[in-house]
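The values are calculated or read from the model by the stated rules, or taken from the named source; none is laboratory data. Quantities reported herein were computed from a predicted structural model and do not represent experimental measurements. A quick note on method: Cβ atoms are made from the backbone with ideal geometry, for glycine too, and the neighbour counts reach across all protein chains shown. Ligands, DNA and RNA are excluded from the accessible area calculation, which covers all protein heavy atoms including side chains. Shrake-Rupley method; radii C 1.70, N 1.55, O 1.52, S 1.80 Å.
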Amino acid sequence: MNASHDWLKAFVPHTLDADQLAEKLSRHVATVDGVLRLNAELAPFVVGQVMASEKIPDTKLSFNKVDDGSGELLEVVCGAPNVVVGTKYPFARTGTRMPAGLLIEKRKIRGFTSNGMLCSSRELGLGDDHDGILPLETQVPNGTPLLDVLKVGDVRLEVDVLANRPDLLSQRGLAREVSALTGVPMQRPSELAAVAALASASRGATEASSGGATVRVEDLAGCPRYMAVVIRGVTVGPSPAWLVARLDGVGARSINNVVDVTNYMLHGFGQPMHAFDLGTLAQSTIVVRRGRAGEKMKTLDSVERTLSGEMTIIADAERAVAIGGVMGGENSEVSATTRDILLEVAQFEPVRLRATRKAVGLNTDASYRYERGIDGAVIPELIAFASSLITQVAGGAVEGAPIDVGASIPSLPDVTVRPSRVSRVIGVPLSPETITQRLVSVGFSVTQAGPDALAVRVPSWRNDVFREIDLVEEVARLGGFDALPDELRAFRPGNAPDDPVHLLSLKVREALVAEGLFETKPLPFVQGDASTHVRVENPLADDEPSLRTSVLETLGKRAEYNLNRGSGDVRLFEIGSVFSPGATALPDEEIRVGALLMGARRPPHFTDPKPPAYDAWDAKHLAERIVNIVFSERDISYHVNVDGTLWKLCEGDAVVGAVRLLALDAPVWASPAFGVEVMLHRFGRDLVAQKGANAWAHNSDVSRSAASTAVRYRPLPVTPAAQFDVALLVPDGTPAASVEAVIRRDAGELLESVVLFDEFRGTGVPAGHRSLAWALTFRHPERTLRDKEVEGRRSKLLKTLEGELGVRPRAG
């Protein structure tokens, strides 16, 4: 979700800059994935005032003297017809680059020198008006940054809101959290400072009328509550600048003043709304009903949709006019000729709406919020806000009372939380007062319910809180997870044994890492053949809709990824699940270990510059290594059957593993790829049958060592490396390791590898010295390194080596 820094400050006038706010939200609320500064390209522009102006004969140009706050008047030639002496305009000094890419330079125009440029809104990228330069109604000193005047320098925060927190899908929802974290009270934005109160609603269980309109709800299961208000006499047109700026701050496009207000309420308060042209509604009636078989309607995106009886439809007395909670119809949209509108503010059932949205192939901002659940209790408040804004920006007046059909929204149940339980789970003693303060700061009501019990009233917008542990999490996150202790503390060990497959996996993993293989963790999805693979009903990607039947399927894709980036030495393994069609609706699942070998058997060295490539016997050795680890816990034997290029690892007649030559989509220079796969799950199952689960409970050394070791994963590099060789004259008494230590210390964080590849003694090498050559590889994780950067590191290294160790470059 996009959040506007300026809009959040309108709710909570805090003093944090955008980066500080993003850091606080990420630590306590939801991860901020990005911070985008809007109109940052306007930072060099300033306010300039025209102090004198004269027309250039026989042209449409004018010669002006502009005060840009620098202390001297600048001569500027301008082609705009609306230059007025004494007026202030956006000014681009010489050296400024325009948003479109043009560099402003000092130049001669019709015999006059121009030192800068007076700008129009179009040239600034702020509008389409190119008829004249943009006058500024401001009294700020000349030279003031333009962004301080126009207030278009908002910052957009990209917040990763999880599905269980729909209350954060609005500026007000995030502002609640900002208020709690900063201690600054919330307020209404200035545009909502004076909201006119509406008359008491005209209520009805299934039908109500007011303002010349009628609402009838026939599908209460799909639409528990529907409110509407009639506003007559509006003038549809462009929105004011403040409203356009609010929407632009969150990445929404301005359409017209009426529609923009509904989008303002959606992004600002998390409540989708829709405005109908009342004049297009048959009998001025809204009917909320199920769709009818074969019924069709063209939505606002000009696509004709087929409706069904499983959908909640908004209709008038004759035809469908909107898909409830998803999108309105073309036949009732607000246009330039609209004079009367009916504003809809409703609540729709999330499960039904999700099914509807998928059936019609639409995903809108409204459906996204409805699917996760909105705060139905604030609908009366928000319809008043929206009505007031529409009359403020589009004129007109509310006619009659709001219409309110359906049931009142019940309160969420209270939850009891024990302070002792909070302290025990978090690991830090917290007083009831501290717990209460944190919960109250985000809208909960707390009362004492006993010696060790607090009764917590859950606010209407927090439908994710219904258990004690949910409140414990609230207390922990508001205090900061990073503030919790990270030391290991005493605990009571459980009596449940570790799963044998888990213990076997730990041993196999340690052995394969010791063999020099890297572990991967890919998703188990592949393209697959429908006759052999299990297809996922709702795949993450259309090109990978099936579950793998072999670990080598995904390892092969990882190898191809490396080959496409010029890396042919691949040593990968994975311990994961594979799937096959089962006797029931669910597939059969088992755990296997797979490994893939290709390319050089070991890194090159100057004593062995071209090491041999992996062959089938290396793969067979690795398979035996895996099997021997597992078989060491069993009183059985194994043998290997040879079948062409395929080794089968068997236990009696049962195949428990294989070694294969893999067919990859590989370039011609790539070495053969060999795959090993062993059925780990089968071994673990048989171990339980032979020795019993309790026998494995004592094998805890591996579990403890693995649990105390943090495993860090990082992506494979995708940017090109920069490499150079350096040959050095090293005194015989100086170890090569000392030279390499200095290289690693001073080369910087971009150094990826240092390889000693040559030693030479003889012609050209002074007595008492030897020539040693290293290959250095540098890589930036995000971009290609420039030649100047690499050469700078090389020069610095050579200077340091000569100063510390007396090592100098070898000439020639």
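So here's what we get for this one:
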| read-out | value |
| --- | --- |
| By average C-beta atoms within 10 angstrom, highest first, the peptides 20-32, 339-351 | 339-351, 20-32 |
| For the stretch 1-134: relative contact order, % (alpha-carbon pairs under 8 angstrom, 6 or more apart) | 18 |
| By average C-beta atoms within 10 angstrom, highest first, the peptides 50-60, 327-337 | 327-337, 50-60 |
| Reachable lysines from residue 799, criterion Cα separation under 24 angstrom, eight or more residues apart if same chain | 788 |
| The chain - accessible surface per residue (Å², probe 1.4 Å) | 49 |
| FRET efficiency, residue 430 to residue 23 (Cβ-Cβ, R0 30 Å, nearest 0.05) | 0.80 |
| The chain - share of DSSP beta bridges that are antiparallel (%, nearest 5) | 95 |
| In the stretch 259-306, the trypsin sites (Lys or Arg not before Pro) that fall in loop regions by DSSP, at most 16 other Cβ within 10 Å | 292 |
| Relative contact order computed over the stretch 1-77 (Cα-Cα under 8 Å; 6+ residues apart), in percent | 16 |
| Principal-axis tilt of helix 350-360 within the chain, Cα atoms, nearest 10 degrees | 80 |
| Entry for Rg and Dmax of the Cα atoms in Å (calculated from the structure that is shown) out of (i) 27.4, 94; (ii) 35.3, 107; (iii) 47.9, 165 | (ii) |
| Net lengthening on full extension, residue 716/residue 601 (0.36 nm per residue, minus Cα-Cα) | 39.4 nm |
| Mean separation of Cα contacts under 8 Å, 6 or more apart, over the residue count of the chain: relative contact order % | 9 |
| The stretch 606-630 versus the stretch 246-300: alpha-carbon centroid distance in Å | 65 |
| Degrees, to the nearest 10: 257-269 long Cα axis against longest axis of the chain | 50 |
| Two-site label geometry, residue 477 and residue 742: point separation in nm, points 7 Å out along Cα→Cβ | 5.3 |
| Extension gain (nm, one decimal) between residue 447 and residue 253, 0.36 nm per residue minus Cα-Cα | 65.3 nm |
| Sparse-neighbourhood loop sites, GluC sites (Glu not before Pro) in the stretch 738-812 - DSSP loop, at most 15 other Cβ within 10 angstrom | 749, 782 |
| Per-pair calculated FRET efficiency, R0 = 60 Å: residue 653 and residue 158 via Cβ, rounded to 0.05 | 0.55 |
| Value of [θ]222 nm, deg cm²/dmol, for the chain, DSSP H segments ≥ 4, -39500 (n - 2.57) each, nearest 500 | -8000 deg cm²/dmol |
| The chain: angle of helix 551-563 to the longest principal axis, Cα-based, in degrees nearest 10 | 80 |
